[in-house]
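Peer 1: This is the structure, below, for whatever I ask next.
Just so you know, all these numbers are worked out from the coordinates, no wet-lab data involved. In this text, all values refer to a predicted model and were calculated from it rather than measured experimentally.
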C-alpha cells in the first residue's frame with residue numbers, strides 16, 4: 001500500500017503514509033474504500049448524477065465507534081470531511097473531492113417500540129426502511145414522499161410529506177438523537193439533555209454534529225389510506241389549479257393535496273394517447289377515516305373532466321413509494337424552490353406558463369400543500385423557521401444528457417426569478433441546489449442563533465460540507 005494525498009479543510013493537501021492508512025483501516029469495524037478499490041465508483045455515487053466527486057478515503061462505518069474513529073483522524077490531520085447518509089441530497093453534500101467521506105449508509109437499523117409508540121433509526125435508514133417497520137404496527141412518522149430518501153438528511157433539514165398537515169414536520173416528532181460532536185464526544189440530545197443542541201438538530205442541517213441514532217414519536221396511520229392521483233389535461237390547468245387552491249383554504253388537516261405539472265409519463269392507467277402530453281396532476285391523501293376522506297375529496301375529484309382518477313384505498317407504505325419510479329438515481333437533476341404564504345392567481349398563472357415550457361420530458365413542477373399542524377408551531381421553536389409557509393414549490397428539472405445542462409439549468413433559474421415576486425424569500429434547506437447561496441434564506445430569523453450554536457459545538461467548522469452556517473464571530 002502506498003501513501004495517499006488527502007484534501008484539508010483549508011483547501012490544501014496533506015499526505016497520509018502507508019502506515020497511517022493501514023492504522024486507520026485496522027481501526028474500523030467497517031470498510032475503508034479508496035480510489036482504485038473494487039466498488040469505489042459505486043460507493044461514491046450519489047442520487048444526483050450532476051455531482052461527481054472523488055473522495056480520497058471513504059470510511060464505511062459499521063457503528064458509532066467507527067464514526068468516532070474516522071472523526072479522530074480528520075481532526076488530527078485537519079482533513080476535509082463530508083457525511084453521507086443515503087446520498088440523496090440534491091446538492092450532493094454527502095461527498096467531497098479529495099477528502100474523507102464518513103459513510104453512514106450501512107447503519108440502517110430501525111427498531112419500533114409499539115408500547116411506547118416510538119421508533120429509533122440509524123442514520124443510513126431510508127424512508128422506505130422506516131415505513132416498512134412502523135407500518136407493521138399501524139404507525140408512521142411524518143416524512144417525505146420518495147422512499148429512497150435518507151431519514152438523516154430529511155430530518156436534519158426539517159422534513160415534510162403527506163401526513164405533515166395532520167402530524168407536523170419530521171422534526172416535530174423527533175424525541176432525541178445521539179450525536180458525535182466535532183471534538184469526538186458522543187452526547188445524547190433531547191429537550192432535557194443538551195436542549196440547545198437538540199433545537200439546532202431540528203432543521204439546522206448537518207452543521208452541529210454527526211447523528212448516529214434518531215428517536216421519533218410515531219402516529220397512528222394506515223396501514224391502508226385513501227390516496228391516489230387525479231389527472232387533468234394540460235389545457236384545463238388554470239381552472240383546475242384555481243379550484244385546488246380554493247379547496248386548500250378550507251381543507252381539513254387530515255387532507256393533503258399537491259399539484260404536479262409535467263408531461264404525462266407512460267403510466268398504465270393513462271390512455272396511451274396521453275403519454276408525453278401536458279397534464280396537471282392532483283396527488284392526494286387523507287390521514288384518517290376512509291369515509292371521511294371520500295367526503296373531504298368529493299368535490300375536488302368531481303371538478304372538471306379528468307383523464308383518470310385512481311384515488312382509492314392503498315397501503316400507506318405503497319403510496320409512499322408511488323413517485324419512486326420518477327425519481328430513480330443516476331439522472332441529472334437541478335432544483336429551484338420557493339415558499340408561499342398564499343397562492344395568488346398571478347402566482348398560479350406564472351407557474352402554469354412555465355409548466356408549458358418544461359425543458360425535458362422528465363422535468364416537473366410540484367406545489368406541496370402545507371399549513372395545518374406545520375403552521376401551529378412557533379417559528380423559533382425549532383431551527384426550521386418557515387412556519388408561515390402554506391405552500392412549497394419545487395422545480396424538479398431532470399434530464400439524462402450532459403449536453404442539455406445549460407438549457408435545463410437556465411430554464412429553472414428563469415422560472416425561479418419569475419415566481420420570486422409572489423414568494424416569501426425563504427426556502428426549505430433540503431431543496432437548495434449546489435450553486436445556490438441561500439443559507440440565510442433557509443434559516444431566516446433563526447440564523448444567528450444557529451451561528452452561535454455552531455461556534456459552541458463546531459468552532460473550527462469541521463462540518464462544513466453542507467449548507468454551511470459559519471461559526472459566529474466573537
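Peer 1: May I ask for the Kirkwood hydrodynamic radius of the range 193-294, worked out over all distinct Cα pairs and given in angstroms to one decimal?
Peer 2: 17.2 Å
Peer 1: Please compute the Kirkwood hydrodynamic radius over the chain, one decimal place, Å, based on all pairs of different Cα atoms.
Peer 2: After inverting the mean inverse Cα-Cα distance, the result is 22.9 Å.
Peer 1: How big is the Rg/Rh ratio for the range 354-448, C-alpha atoms only, Rh by Kirkwood, two decimals?
Peer 2: 1.01
Peer 1: What Kirkwood hydrodynamic radius do you get for the range 429-474 when you take the inverse of the mean 1/r over all pairs of distinct Cα atoms, in Å?
Peer 2: Kirkwood radius, the range 429-474: 11.0 Å.
Peer 1: Based on the alpha carbon coordinates of the range 76-168, what radius of gyration and maximum Cα-Cα distance (Dmax) apply, in Å?
Peer 2: Considering the range 76-168 through its Cα atoms, Rg and Dmax are 14.8, 48 Å.
Peer 1: Something else about it: Relative to the compact-globule scaling 2.2 N^0.38 Å, provide the ratio for the alpha-carbon radius of gyration of the range 4-103.
Peer 2: 0.99
Peer 1: Working from the alpha-carbon coordinates of the range 224-431, get Rg over Rh, Rh being the Kirkwood radius. Can you show the working numbers first?
Peer 2: Numbers: Rg = 16.8 Å, Rh = 17.8 Å.
When Rh is taken as the Kirkwood radius, the ratio is 0.95.
Peer 1: What are the equivalent ellipsoid semi-axes of the range 249-347, built from the alpha-carbon gyration tensor (square roots of five times its eigenvalues), in whole angstrom, biggest first?
Peer 2: Working through the eigenvalues yields semi-axes of 23, 19, 17 Å.
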